[in-house]
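Quick note: the coordinates plus some simple rules give every number you see, no bench work behind them. Remember, predicted model here, so these are calculated numbers, not experimental data. Ideal geometry is used to build each Cβ from the backbone, glycine not excepted, and the neighbour counts take in all protein chains shown.
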Amino acid sequence: MDWAGTAIDYGCFAPLNVFLRIFEEKGVPVTYAQVREPMGLPKIDHIRAMLNMPEVRSTFRTVHGRDWNPDDLSAMYQRFEEYLFSSLSDFTDPIPGVLETMEILRRRGIKIGSTTGYTQKMMDVVRPAAMAKGYAVDSLVTPDGLPAGRPAPYMIYRNMIELAVPSVDQVVKVGDTVADIKEGVNAKVHTVGVIVGSNEMGLSESGFNALSADRKEYLMKEVRDRMLRAGAHGVIDTIAELPDYLERSLTPARGEASNYLLLTPGPLSTAQTVREAMLQDWCTWDKDYNEGVVTPIRRKLLELAGVDAGEYTTVLLQGSGTYCVEAAIGSAVRPAGKLLIISNGAYGCRMGAIAACYKLNCEMIQLRETELITGEVVEKALDAHKDVTHVAMVHCETTTGILNRLEEVGEVVKKYPVTFIVDAMSSFGGIPIDMKACGIDFLVSSANKCIQGVPGFGFVLVSKDKMPACKGNARSLSLDLYDQWETMEKGNGKWRFTSPTHVVRAFYQALADLEREGGVEARYRRYQQNNAILYEGMQALGFTPLLPREMQSPVITSFLYPSADFDFQAFYDRLKRKGFVIYPGKISDADTFRIGNIGDVKPGDMERLLYAIHETWNL
């Protein structure tokens, strides 16, 4: 770990004004940008680097009639120390999230070493002051007595000796400056940059928080790009993301790739909090489980759909999302009914396969895989098939990543005496949906999609006035939506058959994480940012998106093969070795591959992916 700007002193302000002051005293005023550029170096090297900047060197020569010399450097460094020591203890507050992060890492048995651009005498002030505020490390190494400070690797090697770490493969370097990144790269260790609170960002906490969302995004991208160009293996937005980053990127004991970043439409990368929630065992009959976990989940899902529990209800069901689609269709469509399916991909076709298996009276409208389902399309189909009782469609068709016009279709469907079934598998929880406003009677989704849980169960949100017609209608014992609902209602959350308890508890945690993030709107914005970075970045690398921007969902993006001889498997394998797992294509009339944008994936992860693709795809 670095200290200032990474663990303590948000924005790295302790030395900033001192550098400004000593150059001002020398008659050579400098800018904030000039001061921050060499930050992370030993302080005497920092002053030397600034004196060697062309503009500073020229100004010095104009003011003093000569070039600077070692005596100037020595005198300026002496003044720097005097000023810094007088205020150093005031800049030792831990950066938000660092104490919690260190606690998590220590619970995992990870040792915390540290390097710095400060001298030992400076750290004799900083270390106890930071410790009094809760921040402590297992090893502290300064440049004193070593052949060189940053960007040389010697401080990292000294930490390895003091902490008895035998291999660079077992070390991760975390820092907030380009010098930190180069130190880690030169030591041949996995190197991670941190953006918020960093010297590279150069803002106080209040200054950063006062920025608009667009300005934050712009500045963070600039910092991320600088760190990646310097050689960082990864860049995280905040120090609080470090445990999750390490968990999915490295095995701490060996430094090898373990938990890949799953850039798929589900299962997807989950947060450490979700995985940890599965460590406790639960009894399916227990009140704490059924009333304390299952019942709140059912209620919270209705809130996410923007509907009232007096008019709508939730049915949880074991199995994959397809189980729930089948339960909804098989329970809702009576023998005398007629189902209209509007499809523009594999999952719409799967609805058709379910209807065929159940021998339902079904009309299938098959669009091209790159053609939107719109209100006009549905209205034309309903006018042509006036005996239809149920309409079904997929909201986000992950065959291509297309986002169908659900609200527009809903307005049309409400004009007809039909029941509306929506497969919102890959959109619910990550794209705002007002179930009532869209006229949806059955909304189906799964635990392992945008709510970012793990696979094992799905759910159907149902208008209560549609439930009575489902009674006795199911052609399957296990997939009887009405019986499952009735048991949950009467049993206060009890499932008919064995509940996937660990998965359900993980989902409960995922819902809490969603709320902590800011709800569906905030998650939607993050997914949109992920997609925008990917969509534009891949084009810059020479890849062509399958869909135009206006049809593209923020869930998963399809790209055309860049050439006839493109080897997807080789491309996939190279990215997997770098810690990214993507998806093959699924459409029938073009060679494509797909990259998911959802899950516990941040904009910085998409930047890392693009960097990895830049390094590997055209080898």
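In terms of other Cβ atoms within 10 Å, Met201, Met123 run from fewest to most in the order Met123, Met201. Each of Met364, Met155 was scored by other Cβ atoms within 10 Å of its Cβ. Arranged with the fewest first, they read Met364, Met155. In whole Å, how far is the Cα centre of region 257-299 from that of region 498-571? When both Cα centres are located, 20 Å separates them. Under Stokes-Einstein, with the Kirkwood radius over Cα pairs as Rh, the value for region 519-616 at 4 °C and 1.567 mPa s is 94 µm²/s.
Cα-based values for region 528-577, radius of gyration first and Dmax second, are 11.7, 33 Å.
A Cα-only calculation for region 222-333 places Rg and Dmax at 20.1, 59 Å. Loop-located trypsin sites (Lys or Arg not before Pro) in region 78-130 (DSSP state other than H, G, I, E, B) with a sparse environment of at most 13 neighbouring Cβ atoms within 10 Å: Arg108.
Projecting the Cα atoms of Ser167, Val333, Leu610 onto the charge dipole of the chain (Cβ charges, centred on the Cα centre) puts Val333 farthest toward the positive pole. Around the Cα centre of the chain, unit charges on the Cβ atoms of Lys, Arg, Asp and Glu (plus for the first two, minus for the last two) sum to a dipole of about 780 debye.
For region 277-516, relative contact order (Cα pairs under 8 Å, six or more residues apart, normalised by length) works out to 29 percent. Give me the net charge of Phe457's neighbourhood, meaning all other residues with Cβ under 13 Å from the Cβ of Phe457; Lys, Arg count +1, Asp, Glu -1. After counting each charged neighbour, the total is +4.
Beta bridges assigned by DSSP with both partners in the chain are antiparallel in approximately 45 percent of cases.
Per residue of the chain, the DSSP helices (runs of n ≥ 4 H) give a summed -39500 (n - 2.57) that works out to -12500 deg cm²/dmol at 222 nm. Rg and Dmax over the alpha-carbon atoms of region 1-259 stand at 18.2, 60 Å. Taking other C-beta atoms within 10 angstrom as a stand-in for reagent exposure, Lys449, Lys26 fall in the order Lys26, Lys449, fewest first.
As a ratio to 2.2 N^0.38 Å, the alpha-carbon radius of gyration for region 97-238 is 1.07.
Taking a ≥ b ≥ c as the square roots of the eigenvalues of the Cα gyration tensor, region 277-516 is classed as prolate, since a/c reaches at least 1.5 and a/b is larger than b/c.
Electrostatic tally near Gln529: other residues with Cβ closer than 9 Å to its Cβ, Lys and Arg +1, Asp and Glu -1, net +2. If you take every residue apart from Met131 with its C-beta less than 14 Å away from the C-beta of Met131, what net charge results, scoring Lys and Arg +1 and Asp and Glu -1? Value of the local net charge: -1. Which of rounded, prolate or oblate describes region 356-424 when judged by the alpha-carbon gyration tensor and an a/c cut-off of 1.5? It comes out oblate by the Cα gyration axes. Can you give me the angle between helix 70-87 and the longest principal axis of the chain, using Cα atoms only, in degrees from 0 to 90, rounded to the nearest 10? Result, in degrees: 60.
Annotated for region 1-259: lysine pairs at least 8 residues apart or interchain, Cα distance under 21 Å, count 12. Close amide-amide hydrogen proximity is noted between Cys362 and Leu339, each under 5 Å apart and 5 or more residues distant or on a separate chain (H modeled in the peptide plane; Pro and chain starts excluded).
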